[in-house]
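A quick write-up on the structure given underneath.
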Amino acid sequence: MNAVRNVSGSLDAYLGPPQKVNGVDVYRLDRFKQEPPPEGFDTDSITWYAKDFGPCTHLSSVQGEKEIFFSSTHMRLTEHIGSVAQPLLKEVEDSAKQFFSGKISADEFARRFTDLADTFVSACQERQYPNALFASLSNEPALLGFYEQSRRLVLQAAVTQNREEGEQFLTGEMNSQRIMLYYNSDYYYMTEDVIGAMDKMLLDYAKENGMDEFEIPDYGAMGWHQYNNFNSAFSGNPNRGWKLEVLHDEYIMDYDMVPPKGFRWFYQSGGDPKADAPIVSYEDEYGIHENDFSKFDPTNFLTATTWVSYQDSSGKTNFFSADFNFAPVGKALYNLSELLTFSGNRNAEAAEVNRFIKNFRVFPQGYCSWTIPPRTNWSARG
């Protein structure tokens with residue numbers, strides 16, 4: 001098990017009571033209410049704080065063995081098993097792209113995934129991985145390891161296609177000062193459908209093959225954002241993307257909040273690292289004058305723009321947009337509801353959209369200045 005390092009922080013940084021994660025009392029911390037330690041955050045400390053340890057469970061035991069022999073690092077780098085896993089995971093990735101492009105159904109993807117998982121587990125047995133003594137007991141850790149990486153690839157494919165869809169709305173060229181975010185709730189529902197189909201077929205497969213106690217971990221409770229759901233996977237660094245596998249700023253506050261169907265949100269900030277810093281105010285013989293930053297300028301990092309739309313039950317598309325400013329002429333952090341709110345809260349559909357809008361926050365590039373590696377190998381186990 002990787003060590004879980006305690007994080008110093010005031011009590012108001014804790015978000016609610018502890019949750020039991022595989023027998024461990026775990027507190028979630030609000031990173032915006034605590035300062036990063038001098039040495040920086042590590043993979044085990046950014047979001048979760050473990051108080052004490054309880055008894056070992058079957059799931060925690062399987063997770064521990066998975067991390068020792070079937071972690072994402074083993075899947076990539078261990079020649080003995082990586083050479084088997086990588087081609088199979090490439091097939092999972094290709095099938096996920098086909099699913100999100102509408103070429104195959106969720107059930108068809110799940111059947112392909114289950115066949116590939118069976119191939120992987122059988123290959124581990126045939127190669128007696130990790131060794132002859134342990135190979136006969138490694139089915140569950142192998143299955144869990146392959147499932148986790150496949151689940152991550154599904155969410156990665158959804159986030160990537162969602163972002164590519166949003167690029168059509170970008171004004172100007174991206175650069176290191178700018179942020180572009182686009183959220184299409186269709187991808188949330190598609191990922192829920194396909195992961196649900198995966199889970200059902202995987203559990204059936206496990207039971208048919210004598211793994212009666214096999215469980216799927218609660219990745220949301222564990223804080224494994226890349227493995228949880230579309231909302232948590234979406235809330236990553238939009239400029240660095242998935243190629244570097246870096247999780248960064250949290251744009252969504254509650255990953256479990258279900259979006260309204262037909263919901264779209266777009267946000268872009270300005271910026272040009274080659275341009276001079278914008279002049280906020282100037283003084284002449286007539287006094288001090290404030291420059292006008294009320295309109296979005298894709299080259300000015302003090303300006304930003306955002307819009308939201310949804311389709312109501314009558315088929316009408318409702319749209320709302322706003323230009324706004326960041327500090328020092330505006331704020332550094334906004335709840336999206338401060339910028340976009342549909343009128344008519346008495347209308348149930350508009351009220352639902354407004355509630356979900358409150359789940360987003362926006363800020364300029366660099367507001368969260370620390371970079372967090374993906375949470376791929378942490379497990380709270382007794």
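The values are calculated or read from the model by the stated rules, or taken from the named source; none is laboratory data. The structure displayed is predicted, hence computed values, not measured ones. As a convention, Cβ positions derive from the backbone with ideal geometry for all residues, glycine included, and neighbour counts pool all protein chains shown. Note: accessible area is taken over every heavy atom of the protein model, side chains too, but ligands, DNA and RNA are not part of it. Shrake-Rupley method; radii C 1.70, N 1.55, O 1.52, S 1.80 Å.
The table for this structure:
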item: Under Karplus coefficients 6.51, -1.76 and 1.60, residue-wise ³J(HN,Hα) of the range 57-66 in Hz, glycine/proline x; result: 10, 4, 5, 5, 5, 5, 4, x, 5, 4
item: Computed lengthening from Glu283 to Asp256, 0.36 nm per intervening residue step minus Cα-Cα distance; result: 4.7 nm
item: The range 181-339, Cα convex hull volume normalised per residue, Å³; result: 151 Å³
item: Principal axis dimensions, largest first and in whole angstrom, of the range 102-184 by Cα; result: 59, 32, 15
item: Top positive-direction residue, dipole computed over the range 98-141 with Cβ charges, set Ala117, Ser101, Ser138; result: Ser101
item: Simple spin-label estimate for Asn291 and Asp118 in nanometres, 7 Å along Cα-Cβ; result: 6.5 nm
item: The range 93-182 - charge dipole about Cα centre, Lys and Arg +1 at Cβ, Asp and Glu -1, debye rounded to 20; result: 120 debye
item: Computed E for Glu164/Gln98 - FRET, C-beta separation, R0 22 angstrom, nearest 0.05; result: 0.90
item: Kirkwood-Stokes translational diffusion coefficient of the range 167-210, alpha-carbon pairs, 4 °C, 1.567 mPa s, µm²/s; result: 93 µm²/s
item: Alpha carbon centroid spacing (whole Å) that separates the range 84-119 from the range 183-227; result: 14 Å
item: For the range 64-126: accessible area per residue (Å², 1.4 Å); result: 46 Å²
item: Accessible area, probe 1.4 Å, largest first, for residues Lys200, Lys331; result: Lys200, Lys331
item: Cα pair distances exceeding 22 angstrom across the range 147-235, given as percent; result: 38 percent
item: Where the range 180-237 is the region considered: accessible area per residue in Å², 1.4 Å probe; result: 33 Å²
item: Förster radius 51 Å - calculated FRET efficiency between Asp323 and Asp212 (Cβ-Cβ, nearest 0.05); result: 0.30
